[in-house]
Amino acid sequence: MFRRADTGGTVRASYENVAATRLATVIEEGETRVQTVEHLMSALAAFGVADAVITIDGPEVPIMDGSALPFVEAIRDALEPAPPVPPVRVLRPVVVEGGGAFASLLPYEGHRFDVGIDFKAPVIGRQRVVFDLTAEGFAAEIAPARTFGPLKDVKRMRAKGYAKGASLDNAIAVDGERVANAEGLRFPDEFARHKLLDAIGDLALAGRPILGLYRAHKGGHRLNYELLRALFAVNENFAIVA
Ligand SMILES: [Zn+2]
């Protein structure tokens, strides 16, 4: 749950409260709205936290450096050992698609994410990352991957109130065959790793870990949201593991 210190309002971190998905995942309940929850949710999910109250003093989770690493560093040493949260098991394939993209959940005895992307910008191109979710694997391989966008969109996101103060300090700015950031990339496939990070965060809005294989190509926040809705829309699709 997110609590707005500035308004006193709360919003449950559930896919049922997703209100917008275009530039980031936005959740809303009643009058209370919180945007860009996915990177923090991703870190919490990776470390097995399914129950937390996050207090923030404004409408957007801080973008930090555009990755989930600052959240990982803040929570990893603060966590007390706790019994694992019973996961939801995927019983049947669930697929959503649109615009040449798809996202899917398949029965699988693990927590695997398989993410492909295909961008026109030559510096991104086609990339694919497969990752079995563990806390320390996430911290090392996925959490450092930063959000990204075309150089011109960094300005557009700022105008809309997303990624406040967006700059080369908190996003990879893609400019055709190069990135505009002087420090370059943290991984050659940082873009696909960030999409995977986003998927973990978006799927955390299920409220519990998902036992299954997430596979997507050219996916994003909208398809991730539709995927959770499709999963939970039909009782035969899933079971809560006791
Ligand atoms: Zn992201």
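For the stretch 165-209, a tally of residues being at pLDDT below 95, touching a Gly at 6+ places or on another chain (Cβ under 8 Å) and under 17 Å from Lys120 (Cα atoms) returns 3. Just give me the residues in the stretch 75-90 being at pLDDT 95 or above and either touching a Lys or Arg at 6+ places or on another chain (Cβ under 8 Å) or farther than 17 Å from Pro209 by Cα (or both), in sequence order. Within the stretch 75-90, Pro87, Val88 meet the criteria. Val94 satisfies every condition listed in (1) more than 16 Å from the ligand (Cβ to nearest atom); (2) of a type in the set (A, V, I, L, M); (3) farther than 29 Å from Val241 by Cβ except (3). Could you please let me know if Ala45 is surrounded by fewer than 16 Cβ atoms within 10 Å (Cβ to Cβ) and touching a residue at least 40 places away in the same chain (Cβ under 8 Å)? No; evaluated as a whole, the condition is false for this residue. Residues that are in a helix (DSSP H, G or I) and within 16 Å of Val88 (Cα to Cα) were ranked within the stretch 200-223; the one that is farthest from the ligand (Cβ to nearest atom) is Ala206. Using the structure shown, decide if Val85 is free of Cβ contacts under 8 Å to residues at least 60 places away in the same chain and either away from the ligand (no atom under 16 Å from the Cβ) or under 21 Å from Ala135 (Cα atoms) (or both). For Val85, the condition - free of Cβ contacts under 8 Å to residues at least 60 places away in the same chain and either away from the ligand (no atom under 16 Å from the Cβ) or under 21 Å from Ala135 (Cα atoms) (or both) - is not met.
The condition of being of a type in the set (A, V, I, L, M) and either away from the ligand (no atom under 16 Å from the Cβ) or at pLDDT below 95 (or both) holds for only one of Ile142, Ile117, Ile54, that being Ile54.
Considering only residues that are within 29 Å of Ala239 (Cα to Cα) and in contact with an Asp or Glu (Cβ under 6 Å, 6 or more places away or on another chain), which ones fall in the stretch 170-208? Those that are within 29 Å of Ala239 (Cα to Cα) and in contact with an Asp or Glu (Cβ under 6 Å, 6 or more places away or on another chain): Asp198, Gly201, Asp202. Taking the numbered list (1) farther than 19 Å from Tyr225 by Cβ; (2) out of contact with any helix residue (DSSP H, G or I) (no Cβ under 8 Å at 6 or more places or on another chain) in turn, Phe2 passes all entries but (1).
The values are calculated or read from the model by the stated rules, or taken from the named source; none is laboratory data. The model shown is predicted, which means the values in this text are computed figures rather than measured ones. Because the Cβ atoms are built from the backbone with ideal geometry, glycine has one as well, and the counts that use them run over all protein chains shown.
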